[in-house]
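Worksheet for the structure shown next.
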Amino acid sequence: MNKLVICSFCALFFPLFSQADTFLHVAAYPLNAEQGYFEQRTLSGQVTKEFDAQLSFEFAGKVTQFYADQGDLVTKGHVIAEQDTQLLAIELTKIAATNKKLNAQLQLAQLEQQRLKKLSKQDYSAVQQLDQVNTQIAVLDAEQALLTANQTEIKLRMDKARLLAPFDGRLGQRFISAGENVAAGTAVVRLLEQQQSQVSIGIPTALQSAIKETMQITIAGQEFQAHALSKGANLDKQTQTLTMRFALPLNAKVYAGQLAKLKINQYQDKAGFWVPLDALADGLRGTWQVYKIVENNLKPVIVQLIYSDGQFAFINGPLNTGEQIVANGTHKVSANIAVNVVEQLAPRTL
């Protein structure tokens, strides 16, 4: 009798245990309807300096020496390089000698002038000679003025033969070596200001309104709060973007030319639902679908993929707030199979 009761018990409950074992364990994601979403765009630019100059000599000449090299910090007025000034020094010596000669001639002419002034009162011929001496003195004065101008020019060229730093900064690329002859205006070295760094980024016109006074910019894994310096006045003909500049904090340790990234969140007025990206499954004919959980059974629903940020997808379809879908592992499920919800994920919002 006892054996009969045990057998009847097993026959009654074993089918239930077997049925429970056939349920697929899944994680459920509750749907929450949104009237819109923020679309994140990542734009790239590069670090620039407020002062970034390629320094050159104003006159042609041979570069004889560098007093600072690539990577060195220099202050305003620091001598970076120098040209050969030997020929200019010789010219100054010639001018000094010519000036002495003119001074001697001028002194002699002035003595003659004084003597002829006395004689002109008594002799008519002395008047004519006095006019000649006065003219000679005027010519000598003009020649001295010309020598003074030439002397000033040569001294200026000697000063310009020293390449000075126009501002505090760090030397970048050096374009020539000592001993080379360079033409006027040939770039010698690049000087970059160290204190104030900026970022230049091309912004599509459609995103111009999304630019705020302060934007977060990422450079080499570092995040900075950058201040917008301009809202873009000119449109780049090639990229069709507005070039905007952003000032980085003074303590930002960045280098000119580094890649900078700006993330912009733009609101899109379009209704839908946020779902985990893993909740999407391939549908028929290139469509997307999610699996809605209805009374522990899965029902495939065709949806439209509107936007994805890499982790979540914003979709639209015949779904409602409060309904649940399979959150992940959709490659293991199929339509109309029985499931057992073992985990509830929190819904994402804007």
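Here the Karplus relation 6.51 cos²θ - 1.76 cosθ + 1.60, evaluated at θ = phi - 60°, turns the backbone of segment 291-297 into coupling constants of 9, 7, 8, 10, 6, 6, 10 Hz, with x for every Gly and Pro. Roughly speaking, what is the centre-to-centre gap between segment 152-213 and segment 223-278 when only Cα atoms are used, to the nearest Å? Taking the Cα centre of segment 223-278 as reference, the centre of segment 152-213 is 26 Å away. The ranking of V79, V342 from fewest to most other beta carbons within 10 Å of each one's beta carbon is V342, V79. A dipole drawn for the chain from +1 and -1 charges on Cβ atoms has a positive end, and of Q289, A142, T330 the residue lying farthest that way is A142. For N297, the amide hydrogen comes within under 5 Å of the amide hydrogens of V339, counting only partners 5 or more places away or on other chains and with H modelled in the peptide plane. Between the residues Q151, T64, V79, the greatest Cα displacement towards the positive end of the dipole of segment 64-185, with unit charges on the Cβ of Lys, Arg, Asp and Glu, is found for Q151. Taking the fewest neighbouring Cβ atoms within 10 Å as the starting point, the ordered list for H331, H227 is H331, H227. The angle between the Cα long axis of helix 2-21 and the longest principal axis of the Cα atoms of the chain comes to about 30 degrees, rounded to the nearest 10. Pairs with C-alpha atoms separated by more than 30 Å, drawn from the list K62/K253; K261/K332; K270/K292; K62/K237; K263/K332, are K62/K253; K261/K332; K62/K237; K263/K332. Computed on the Cα trace of segment 126-236, the radius of gyration divided by the Kirkwood hydrodynamic radius gives Rg/Rh = 1.37. Ordered by the count of other Cβ atoms within 10 Å of each Cβ, fewest first, V294, V74, V26 give V294, V74, V26. Net charge of the neighbourhood of T64, taken over other residues with C-beta under 9 Å away and scored Lys/Arg +1, Asp/Glu -1, is -1. Once the Cα atoms are used to define both axes, helix 86-119 deviates from the longest principal axis of the chain by about 30 degrees.
Around the Cα centre of segment 150-278, unit charges on the Cβ atoms of Lys, Arg, Asp and Glu (plus for the first two, minus for the last two) sum to a dipole of about 260 debye. Taking a Cβ cut-off of under 11 Å around N265, the surrounding Lys, Arg, Asp and Glu residues balance to a net charge of +1, with basic ones at +1 and acidic ones at -1. Could you point to the residue in A279, L192, Q107 farthest towards the positive end of the chain's charge dipole, with +1 and -1 charges on the Cβ of Lys/Arg and Asp/Glu respectively? In the chain, that residue is Q107. Each residue of segment 64-81 is assigned a 3J(HN,Hα), and the resulting list reads 9, 7, 10, 9, 8, 10, 3, x, 6, 8, 10, 9, 4, x, 5, 6, 8, 8 Hz, derived from the Karplus form 6.51 cos²θ - 1.76 cosθ + 1.60 (θ = phi - 60°), x at Gly and Pro. Couplings 3J(HN,Hα) of segment 131-143, computed from phi: 4, 5, 5, 4, 5, 4, 5, 5, 5, 5, 4, 5, 5 Hz, in residue order, whole Hz [Karplus 6.51 cos²θ - 1.76 cosθ + 1.60, θ = phi - 60°; x for Gly and Pro]. Positive contributions from Lys and Arg (+1) and negative ones from Asp and Glu (-1), summed over other residues with Cβ under 13 Å from the Cβ of D309, come out at +2. For segment 86-159, the relative contact order is 43 percent, taking Cα pairs closer than 8 Å that sit 6 or more residues apart in sequence and dividing their mean separation by the residue count. Charges were assigned to the Cβ only: +1 to each Lys and Arg, -1 to each Asp and Glu. The resulting dipole of the chain about its Cα centre is roughly 420 debye.
Since every read-out is calculated from the coordinates, none of them should be taken as a lab result. These numbers come from a predicted model, not from an experiment. Neighbour counts are summed over all protein chains in view; Cβ atoms, including those assigned to glycine, are modelled from backbone coordinates with ideal geometry.
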